[in-house]
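Take a look at the structure set out below.
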Amino acid sequence: MSASMSHRARRRFGQNFLSDPSIIQQMAMVIQPQPGQPFLEIGPGEGALTRPLLDAGVKLSAIEIDRDLAARLKTWPEAATGQLVVTTDDALQHPIATLTELDAAHPLRIVGNLPYNLSTPLLFHLTESLDNVADLHLLLQKEVVDRMAAEPGSGIYGRLSVMLQYRCQVRPVLSVPPEAFRPAPQVHSTFVRLLPLKAPPLAGVPPDALAEVVKQAFGQRRKTLRNALTGILTAEQISASGIDPSIRAEQIDPVGFGQLAIMRAAVKEI
Ligand code: SAM
């Protein structure tokens, strides 16, 4: 019996395994793995993406929370040679930045068909530190990718859009229908490429202040900025950072949020 036939998908781990060979091949073509490149795969599952990556000759670290699936991957021949290193862990707790391969000469490539129930926290965790990360290719629920890539002025532009666009270029690359998975999820998926920006849209923005301002501004997105930011910035301070306090959060681009965050950090210092 093959591994894929004997494993029952576990809902609590968000397991929907890719089972359409043509989609898997298209994803591998998008990733373009090259021999010797260091990869990190989040949630390899039964190895649908792991297999073509290893066949292309990459060096792959995989983090899988499901002990049974991790144990199976550890029996692969590439695990014996060291080309594949499997860690049984919760990727959310795993310190991505301390991965051994992480060095400037060999920037890390991150891939994953993420569990949908954890996709937003995992996205934030993975993009927290992008030093020495070459790119990320993630398969996510379509609506999540739409929000990540949304532009100011659109109704779905929000916290996820600003925080990700502050760190990465967001490029949706492939639509994946529910039938490509076993079991089939309720939702459509999009494969997205994230390219870390060489420099942020605005320099010198303290990350904590940016996270605080963005969270509060979109927490009450129907309100004007003056009202939404009550308690952290006054209307005068918002104006002084170059932003009109009578507009709403969804009208402000990532640079504008950077300006507000610089003001917030300065106000906190006082
Ligand atoms: N990559 C496989 C594929 O494409 O067929 C599996 C994808 S499945 C949607 C998500 C995988 O992530 C599962 O193997 C699941 O066990 C694993 N997973 C779920 N939560 C995780 C976590 N917190 N850390 C690491 N892996 C996790």
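If you check Ala62, Ala91 for being near the ligand (Cβ under 10 Å from one of its atoms), touching a Gly at 6+ places or on another chain (Cβ under 8 Å) and not in a helix (DSSP H, G or I), only one passes: Ala91. So, Leu84, is that one over 21 Å from Phe181 (Cβ atoms), assigned by TED's automatic domain parsing to the domain that holds Asp135 and within 13 Å of the ligand (Cβ to nearest atom) or not? For Leu84, the condition - over 21 Å from Phe181 (Cβ atoms), assigned by TED's automatic domain parsing to the domain that holds Asp135 and within 13 Å of the ligand (Cβ to nearest atom) - is not met. In the set (1) near the ligand (Cβ under 10 Å from one of its atoms); (2) in contact (Cβ under 8 Å) with a residue 40 or more places away in the chain; (3) of a type in the set (S, T, N, Q); (4) in a strand (DSSP E or B), Asn117 fails one condition alone, (4). Scanning the range 157-169 for any residue that is surrounded by fewer than 20 Cβ atoms within 10 Å (Cβ to Cβ), within 16 Å of the ligand (Cβ to nearest atom) and of a type outside the set (A, V, I, L, M, F, W, C) turns up nothing.
Name the pairs: first residue in the range 7-21 and on the phi > 0 side of the Ramachandran plot and within 7 Å of the ligand (Cβ to nearest atom), second residue of a type in the set (S, T, N, Q) and part of a helix (DSSP H, G or I), Cβ to Cβ under 8 Å, at least 6 apart or on different chains? Hits for this filter: Gly14/Asn117.
When each of Ala56, Ala71, Ala62 is tested for being touching a strand residue (DSSP E or B) at 6+ places or on another chain (Cβ under 9 Å) and surrounded by fewer than 19 Cβ atoms within 10 Å (Cβ to Cβ), the lone residue that passes is Ala71.
Taken over the range 31-53, the residue count meeting the criterion of being more than 12 Å from the ligand (Cβ to nearest atom), of a type outside the set (Gly, Ala, Ser) and either in a loop (DSSP other than H, G, I, E, B) or in contact with a Leu (Cβ under 6 Å, 6 or more places away or on another chain) (or both) is 7. Of the residues contained in the range 67-75, one or more are found to be modelled with pLDDT of 95 or more, of a type in the set (Asp, Glu) and within 11 Å of the ligand (Cβ to nearest atom).
Checking Leu92, Leu126 one by one, the residue that is crowded, with 17+ Cβ neighbours inside 10 Å, touching a residue at least 24 places away in the same chain (Cβ under 8 Å) and closer than 22 Å to Leu49 by Cα is Leu126 and no other.
In the condition set (1) surrounded by 20 or more Cβ atoms within 10 Å (Cβ to Cβ); (2) assigned to a loop (DSSP other than H, G, I, E, B), Val111 is compliant with all but (2).
The values are calculated or read from the model by the stated rules, or taken from the named source; none is laboratory data. On a predicted model such as this, the values are computed, not experimentally measured, just so you know. Every residue, glycine among them, receives a Cβ derived from its backbone with ideal geometry; neighbour counts consider all protein chains shown.
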